[in-house]
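The values are calculated or read from the model by the stated rules, or taken from the named source; none is laboratory data. Keep in mind that what you see is a predicted model, and the values were worked out from it rather than measured. Cβ placement follows ideal geometry from the backbone for every residue including glycine, while neighbour counts extend to all protein chains displayed. In case anyone asks, the SASA skips ligands and DNA or RNA and just uses the protein heavy atoms, side chains included. Shrake-Rupley method; radii C 1.70, N 1.55, O 1.52, S 1.80 Å.
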Amino acid sequence: MREIGFGLICGIAMAVAALLIAAWPVPGRPIAAFFPAGTDTADIARAVIDASGSLLQIDPNSSVAFTMGDRDGFVSSLYGAGAWLVIDAAFARLCTGV
């Protein structure tokens with residue numbers, strides 16, 4: 001029984017690790033910044049511009065901004081501006097359908 005529990009925990013840990021690796025934002029490629037639900041599009045655009053990013057697209061229905069930024073610390077600047085999740089845009093497109 002202990003072996004089954006160990007295998008289950010290892011399997012879940014590997015799945016979470018693979019998910020994090022696939023979603024990790026890559027510098028120089030488009031990223032998706034998820035903001036809290038109900039965030040105004042003007043606030044989202046201001047947050048991206050304040051983080052020195054280029055705004056590509058905003059989805060007002062799900063409060064997602066697709067953006068690019070080349071400087072170091074761009075992702076942490078988005079988190080500081082109010083984003084609650086920043087992931088690779090190609091991965092986010094699978095979840096949002098945008």
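Can you find, among M68, M14, P30, the residue sitting farthest towards the positive end of the charge dipole of the chain, where Lys and Arg contribute +1 and Asp and Glu -1 at Cβ?
Farthest towards the positive pole: M14.
Give, in nm to one decimal, the length gained when the segment between D50 and I4 is fully stretched (0.36 nm per residue of separation minus the Cα-Cα distance). Present the calculation step by step, with values, prior to reporting the outcome.
Details: separation 46, 0.36 × 46 = 16.56 nm, distance 4.93 nm.
Net length gain for the segment: 11.6 nm.
Amide H of S63 versus every other amide H placed in the peptide plane: which residues, excluding those fewer than 5 positions away on the same chain, fall under 5 Å?
none
In the chain, what percent of the accessible surface is made up of carbon and sulfur (1.4 Å probe, ligands and nucleic acids excluded)?
Carbon and sulfur together cover 65 percent of it.
Give me the accessible area per residue for the chain, probe 1.4 Å, as a whole number in Å².
63 Å²
Hydropathy first: keep DSSP H helices in the chain averaging at least 0.5 on Kyte-Doolittle, then drop any whose Cα extent along the axis falls short of 27 Å, and list what survives.
2-23
By accessible area of protein heavy atoms, probe 1.4 Å, what ranking do S63, S77, S52 get, highest first?
Reading off the accessible areas and sorting them downward yields S52, S77, S63.
Using θ = phi - 60° and the Karplus curve 6.51 cos²θ - 1.76 cosθ + 1.60, what whole-Hz ³J(HN,Hα) does each residue of region 67-74 get, with Gly and Pro shown as x?
8, 9, x, 9, 6, 5, x, 5
Given the DSSP H assignment, sum -39500 (n - 2.57) over each helix run of at least 4 residues in the chain and divide by its residue total; what's the result at 222 nm in deg cm²/dmol, nearest 500? If you can, show how the numbers build up before the last one.
Working: 4 runs with 47 residues, N = 98.
Computed ellipticity for the chain at 222 nm equals -15000 deg cm²/dmol.
Taking the Cα-to-Cβ direction at S62 and at S76 and moving 7 Å from each Cα, how far apart do the two end points lie in nm?
Modelled inter-label distance: 2.8 nm.
Sticking with the crude label model, points 7 Å out along Cα→Cβ, report the distance from V26 to T41 in nm, one decimal please.
That separation, rounded to one decimal, is 2.9 nm.
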